[in-house]
Amino acid sequence: MKRTLTVCPYCGTGCMFYLVSYNGRLVGVEPSSTHPVSRGGLCVKGWNAFAFVHHPDRLTTPLVRRDGMLQAASWDEALDLVVDRLRAVQKKHGADAVMFASSAKATNEENYLLMKLARAVFGTNNIDHCARLCHSSTVTGLAETFGSGAMTNSISCIDQADVILVIGSNTTEQHPLIGSRILNAVRSGTKLIVADNRRIRLARQAELHLRHKNGSDVALLNGIMHVIIAEGLADREFIAARTENYAALAESVADWTPERGAAATGLEAAEIVAAARLFAGGERGMIVYSMGITQHSHGVDNVRCIAALAMLTGNVGRPGTGVNPLRGQNNVQGGCDMGALPDLYSGYQKLSGPLLRDKFARAWGVKRLPSEPGLPLTRAMDAASAGHLQAMFIMGENPMLSDPDQGHARKALQNLELLVVQDIFLTETAALADIVLPAACYAEKEGTFTNTERRVQRLRKGVEPPGEARADWEIISDLAERAGYHGMRYSGPAAIMDEIAELTPIYGGIAYDRLDPYGLQWPCPDRSHPGTPILHLDCFTRGLGRFTTVSHRLPAELPDEEYPYVLTTGRSYFHWHTGSMTRRTHLLDREEPRSFIELHPDDAARLGLRDRDELIVSSRRGELRTEARVTEMVIPGVLFMPFHFAEGAANVLTNNVLDPESSIPEFKVCAVRLWRAP
């Protein structure tokens, strides 16, 4: 038996475990008993994280489409064809006719290299990744208010909080080890407020459960801040010393009385007052949120309000406090850190600065780098659908299930002259590709992931990849070489991280020999620095924290006579993202084998439906077949559906309208109708 310490490939919690292998095959996992986050525990997905690795569906050889069919090809043929066809598209349509999509499942080193490939080799800033679909609102909103778009505190700070507000996060299902930590804190006396109209597990243990309308978070938070100011509960000393623009905030929420907040949210005025008093009454208050806050057409405004509430009560820069967005994928934080974004280099350095462009150009050995920001991924899909974008290179993502309005996504991808997909399985997206490149999975390569609390951790190789599959970083380096660029000749991922550290101030002290056993939290500016568990200790990254005034806006699509129900989407405990890994894990697929939709008993009775009935659900964008799950988890008029299932894909229905600032889609609210299937 061989034991290899590595990082879980699922959510952003960043648990570590030992891969257990025998004769070159994985047979199980063992949790790390001393890891500061997982502390000897794993969720059901973590315990089964070995099971998909040797699945017979793994891609083992490059595939090239010939005569309409994907057929096996050599690496030489496939890689030369990728470079030749990308160059042909650029020659015909210009450098920005190509889009690169990076991956929150790939390592930091691989995200950095794909960003470098796009900019230094193919001369475009059209590089983005799935943060555009989950936390781009966070990056935009917190960068504006605090100066940094990352989680401010450490997961361990949960243990020190007096009161925790969880809003828009089903934490026990999406980040189970963090959810259990919150439950343990509650058992030790921490007060818990849950703002979510589903009766999630955390809500059962909450002092106060606010079941507000979908899309009314700004109204709720403005109402809470009104009460805090009106009752003299604000931390005036913190506000005066560490913030700016407070007068504008106070004026903007002056009209948000509890009664007005109640009218907008569907709550009782007394609930808003109780929430304000409970949160402001704790010495150490922590806010935890996720995609229930960000995935709206006004997601950035939601984040601004959360930041304002934290500053208003002085709950930033101390243990047990902070604004803590939980990242959904294992390395979505690292993908952002590495500059896989259309307007930023690694470490959130703005490409609009000529000195920064010169710095990266010199380091990469090119004369110049493109200066105009590239396309966000969601707007790239619109451009492809309209015929303005001609080629996409997608690494490790599956937009055919993860993007809103699946019909729109399919049209966009099929409209391309060239689609290249690099992945471990023939996903729904890879099945549409012209060229498919087989990649190694997390258990078959070296590198680093950065978890939700900014902890950079070592990924270690436990077994060999199947067939001819190769690590993403090796494929990218080979593509660069074939394109005539010789600046990606690395001895291994450690050498790539050395280059990242040299160019990226927040990673300046990150090196493989410093990451044993459990990593470092950035910012870590030099090799003598111990890492930073808590941000904004003495001052905000931007200097003074900025209050931003926000007006309540309704979701882009509301229910009406034709489509009378609100649909919201999310995840199931047993599955993750588009299911490419968990649905190839027998135990997980056995527990949750098919698509379902939750509806309230009152709605079920009105429609003459029973539990487990087959339904048809439709929106203005499409329809699908699924199974009814009648439950009081949801409120009347609201439906919930997970998006993991290709045969009942929730994103057939969702709305492609985007937040104007972050370009994130409004996954959490769309109007639908439903009826019993014939």
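The values are calculated or read from the model by the stated rules, or taken from the named source; none is laboratory data. Predicted model, so just to flag it, every value in this text is computed and none were measured. Heads up, the Cβs are rebuilt from the backbone with ideal geometry, glycines too, and the neighbour counts pull from every protein chain shown. Just the protein is used for accessible areas: all its heavy atoms, side chains included, with ligands, DNA and RNA removed. Shrake-Rupley method; radii C 1.70, N 1.55, O 1.52, S 1.80 Å.
With everything on Cα atoms, drop me the angle between helix 217-230 and the longest principal axis of the chain, reported from 0 to 90° to the nearest 10.
Roughly 50 degrees between the two axes.
Each residue of the stretch 54-69 in order: what ³J(HN,Hα) in whole Hz does its phi give by Karplus 6.51 cos²θ - 1.76 cosθ + 1.60, θ = phi - 60°, with x for Gly and Pro?
These are the phi-based 3J(HN,Hα) values: 9, 4, x, 7, 4, 6, 10, 8, x, 10, 10, 7, 10, 6, x, 10 Hz.
Which of the GluC sites (Glu not before Pro) found in the stretch 221-293 are loop residues per DSSP with 16 or fewer other Cβ atoms within 10 Å of their Cβ?
Qualifying residues, ordered by number: E231, E268, E283.
Measuring with a 1.4 Å probe in the full set of protein chains, what accessible area per residue, in whole Å², belongs to the chain? Present the calculation step by step, with values, prior to reporting the outcome.
Working: 22730 Å² over 678 residues.
For the chain, the solvent-accessible area averages 34 Å² per residue.
Sequence-distant or interchain residues sharing an amide H contact under 5 Å with I424, placed H: which?
Under 5 Å from the amide H of I424 lie the amide H atoms of A439, each far enough along the sequence or on another chain.
Within the set K367/K411; K91/K359; K367/K445; K191/K668; K105/K668; K350/K411, which residue pairs have Cα atoms separated by over 29 Å?
Details: K367/K411 37 Å; K91/K359 27 Å; K367/K445 33 Å; K191/K668 27 Å; K105/K668 23 Å; K350/K411 32 Å.
In this structure, K367/K411; K367/K445; K350/K411 exceed 29 Å between Cα atoms.
Under a plain spin-label model, where a point goes 7 Å from the Cα along Cα-to-Cβ, how far apart in nm are K92 and R204?
Reported label-point gap for K92 and R204 is 5.8 nm.
Roughly speaking, what is the stretch gain from R606 to K2, that is 0.36 nm per residue apart minus the C-alpha to C-alpha distance, in nm to one decimal? Please report the intermediate quantities before stating the final value.
Values: separation 604, 0.36 × 604 = 217.44 nm, distance 5.78 nm.
Separation in residues times 0.36 nm, less the Cα-Cα distance, equals 211.7 nm.
Taking amide hydrogens as modeled 1.01 Å from N in the peptide plane, which residues meet the under 5 Å criterion relative to I164, leaving out close sequence neighbours?
Those qualifying (amide H under 5 Å, at least 5 residues apart or on another chain) are K191, L192, I193, M286.
For the stretch 330-341, just list the computed ³J(HN,Hα) in residue order, Karplus coefficients 6.51, -1.76 and 1.60, θ = phi - 60°, integers in Hz, with x standing in for Gly and Pro.
4, 9, 5, 5, x, x, 5, 4, 7, x, 7, 9
Using θ = phi - 60° and the Karplus curve 6.51 cos²θ - 1.76 cosθ + 1.60, what whole-Hz ³J(HN,Hα) does each residue of the stretch 97-110 get, with Gly and Pro shown as x?
Each residue of the stretch 97-110 in turn: 7, 10, 10, 10, 10, 7, 9, 6, 9, 7, 6, 4, 4, 6 Hz.
Looking at the stretch 601-648, which trypsin sites (Lys or Arg not before Pro) are DSSP coil and have at most 16 other C-beta atoms within 10 Å of their C-beta? All intermediate terms of the calculation are to be shown ahead of the outcome.
On the way: sites: R606, R610, R612, R620, R621, R625, R629; in loops: R610, R612, R620, R621.
Passing sites in the stretch 601-648 are R610, R612, R620.
Give me the percent relative contact order of the chain, please, defined on Cα pairs under 8 angstrom at least 6 residues apart.
Working: 1638 pairs, mean separation 135.3, N = 678.
Result for the chain is 20 percent.
Return a whole-number percent for the relative contact order of the stretch 102-245, with Cα pairs under 8 Å and 6 or more residues apart as the contact set.
On the way: 118 pairs, mean separation 18.3, N = 144.
About 13 percent, as a whole number.
May I ask what percent, to the nearest 5, of DSSP beta bridges between residues of the chain are antiparallel?
Values: 44 of 88 bridges.
Antiparallel: roughly 50 percent of the beta bridges in the chain.
Would you mind telling me the share, in percent, of accessible area of the chain contributed by carbon and sulfur at probe 1.4 angstrom?
C and S fraction of accessible area: 49 percent.
Normalised by the residues of the stretch 212-371, what does the relative contact order come to in percent, with Cα pairs under 8 Å and at least six apart? Display every interim value, and only then the final one.
Details: 183 pairs, mean separation 34.2, N = 160.
It comes to 21 percent, rounded to a whole number.
Only sites in a loop by DSSP and with at most 12 other Cβ atoms within 10 Å count here; which GluC sites (Glu not before Pro) in the stretch 553-613 make the cut? Write down the numbers at each step before the final one.
On the way: sites: E557, E561, E562, E591, E598; in loops: E557, E561, E562.
Taking the stretch 553-613 and a limit of 12 other Cβ atoms within 10 Å, the loop GluC sites (Glu not before Pro) found are E561, E562.
Taking amide H positions as placed in the peptide plane 1.01 Å from N, state which residues far from L520 in sequence (5 or more) or on other chains have amide H under 5 Å from it.
Here V456 satisfy the definition.
Taking the Cα atoms only, what angle lies between the long axis of helix 299-312 and the longest principal axis of the chain, rounded to 10 degrees?
Helix 299-312 sits at roughly 60 degrees to that axis.
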